[in-house]
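The values are calculated or read from the model by the stated rules, or taken from the named source; none is laboratory data. Just so it is clear, the structure is predicted and the values come from calculations on it, not from any experiment. Positions of Cβ are generated from backbone atoms using ideal geometry, with glycine treated the same way; all protein chains shown enter the neighbour counts.
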Amino acid sequence: MNEKTRQCIEEKIERILREFRFSSRSKEHPEECPNYPRQKPCHDIPAGELNCFFCVCPEYDNTREEGGCCISNPEGKWFYHPSHPKGRIWDCSDCDHPHREENVRKYLGALFGLINCEFKAYGTGIVKICENDSDFQDFSGYIDP
Ligand code: SF4
């Protein structure tokens, strides 16, 4: 990729990031999310920093009925309930990984070829970043209970 192309992609990514910040998206497109008119972000991140581009996390494993996290992020947890067919379901409510702007920038960089990594149709079907990519957090020490 030549430098001009790289610069152009980086500019587009920064534009996407700006447009999808909670603070701007909620004003420009208040109809898109019930939290926008209330000005109440879904995670405890300042509205100017929370990014809504990945409303659904690209790491959520929807290949299993009980869900799961493709990177075993320790901020997620199992929620156990006897009425669920599998007895438990993966709960991401305490995890802000997909809403952190630095993470969104990396996923978009991977999608547009700025980061050299492996792509797979996985989880929610967007991207799966190879786990040994040093740009991404390593949660390999996490043990699934
Ligand atoms: S625990 Fe976090 S990183 Fe894992 S699927 Fe849920 S929101 Fe995504």
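Is there any pair with a first residue in region 57-69 that is under 23 Å from residue 82 (Cβ atoms) and a second that is within 7 Å of the ligand (Cβ to nearest atom) and at pLDDT 90 or above whose Cβ atoms are under 6 Å apart and which are 6 or more apart or on different chains, and what are they?
67/90; 68/90; 69/76
Which residues, taken from region 22-39, are part of a helix (DSSP H, G or I) and farther than 19 Å from residue 97 by Cβ? Spell out how you get there, then give the answer.
Of region 22-39, the ones part of a helix (DSSP H, G or I) are 22-28, 30-32, 35-38.
Result: 23, 24, 26, 27, 28, 30, 31, 32, 36, 37, 38.
Being within 12 Å of the ligand (Cβ to nearest atom) and in a loop (DSSP other than H, G, I, E, B) narrows it down to one of 65, 75, so name that one.
Of the residues listed, the single one that is within 12 Å of the ligand (Cβ to nearest atom) and in a loop (DSSP other than H, G, I, E, B) is 75.
Among the residues of region 82-100, write down those that are within 16 Å of the ligand (Cβ to nearest atom), out of contact with any Leu (no Cβ under 6 Å at 6 or more places or on another chain) and either under 11 Å from residue 17 (Cβ atoms) or touching a residue at least 12 places away in the same chain (Cβ under 8 Å) (or both).
Listed by number, the residues that qualify are 88, 89, 90, 91, 92, 94, 95, 96, 97, 98, 100.
Taking the options 46, 82, 74, 37, name whichever one is over 13 Å from the mean Cα position of the chain (by Cα), surrounded by fewer than 17 Cβ atoms within 10 Å (Cβ to Cβ) and within 30 Å of residue 6 (Cα to Cα).
It is 46.
Can you confirm whether region 12-21 contains a residue that is assigned to a loop (DSSP other than H, G, I, E, B) and under 24 Å from residue 109 (Cα atoms)? Walk me through how you get there before you give the answer.
Quick first cut of region 12-21, residues assigned to a loop (DSSP other than H, G, I, E, B) only: 20.
Restricting the remaining residues to those that are under 24 Å from residue 109 (Cα atoms) gives 20.
Yes, region 12-21 has at least one match.
Among the residues that make up region 40-58, is at least one of them among the charged types (D, E, K, R), assigned to a helix (DSSP H, G or I) and either within 13 Å of the ligand (Cβ to nearest atom) or out of contact with any strand residue (DSSP E or B) (no Cβ under 6 Å at 6 or more places or on another chain) (or both)?
Scanning region 40-58, I find no residue that is among the charged types (D, E, K, R), assigned to a helix (DSSP H, G or I) and either within 13 Å of the ligand (Cβ to nearest atom) or out of contact with any strand residue (DSSP E or B) (no Cβ under 6 Å at 6 or more places or on another chain) (or both), so the answer is no.
Considering only residues of region 107-124 that are surrounded by 20 or more Cβ atoms within 10 Å (Cβ to Cβ) and either in contact with a strand residue (DSSP E or B) (Cβ under 8 Å, 6 or more places away or on another chain) or modelled with pLDDT of 85 or more (or both), which is farthest from residue 75 (Cα to Cα)?
Across region 107-124, the extreme among qualifying residues is 108.
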